[in-house]
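Comments concern the structure below.
Just so you know, all these numbers are worked out from the coordinates, no wet-lab data involved. This one's a predicted model, so the numbers in the text were calculated from it and none came from an experiment. Cβ placement follows ideal geometry from the backbone for every residue including glycine, while neighbour counts extend to all protein chains displayed.
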Amino acid sequence: MLFIKQNIYPIIFAFLIVSYLLFSVTIYLYGSGNYQMKTNEKALAGQQIWQQKNCQACHQIYGLGGYMGPDLTNATSEKGKGEEYMKMVLQTGTLRMPRFNLSNEQIDEVIAFLKHVNNSGKSVVNPEQIDIFGNYTLAENKHE
């Protein structure tokens, strides 16, 4: 008992190291490693359109991108908006967003891409933090 009492810290340290190594080996050998979401062809085509039209210059996904337009990470599930609203904006444009003359199929592909993004996570930006110009500060984020 005296041996354990005198060497308690090295024993605890050794226990933690062995536990960490066993955990790491278990995850390495038996973890699925399949953490990516499956993306359908329509969503991939929508991502290509997103990139070709340089949408990230004005819009954000996960808080990354331009500040002229809103963050579109969860736009397909927002109250009062959703797919029909987005289709209308993509067809007609707005005062600040140009009309890109996309076909109905291309519009459906962009929306499929945004649905995929919506299902992949939540935006780091709380909608209440965004001012009328689309600016926000992450330091004030209480959404987490």
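Brief remarks on what is shown
- Entry note, the stretch 1-81: relative contact order of 12 percent, from Cα contacts under 8 Å with a spacing of 6+ residues.
- For the pair A14 and S120, a Förster radius of 35 Å applied to the C-beta separation gives a FRET efficiency near 0.30, rounded to the nearest 0.05.
- Length gained on full extension, L22 to Y67, computed as 0.36 nm times the residue gap minus the Cα-Cα distance: 11.6 nm.
- Estimated from the Cβ-Cβ distance and a Förster radius of 25 angstrom, the FRET efficiency linking T92 and Q56 is about 0.75.
- Trypsin sites (Lys or Arg not before Pro) restricted to DSSP loop in the stretch 1-99 with at most 11 other C-beta within 10 Å: K38, K79, R96, R99
- Shape category assigned to the stretch 41-136 from the gyration tensor of Cα positions, a/c cut at 1.5: prolate
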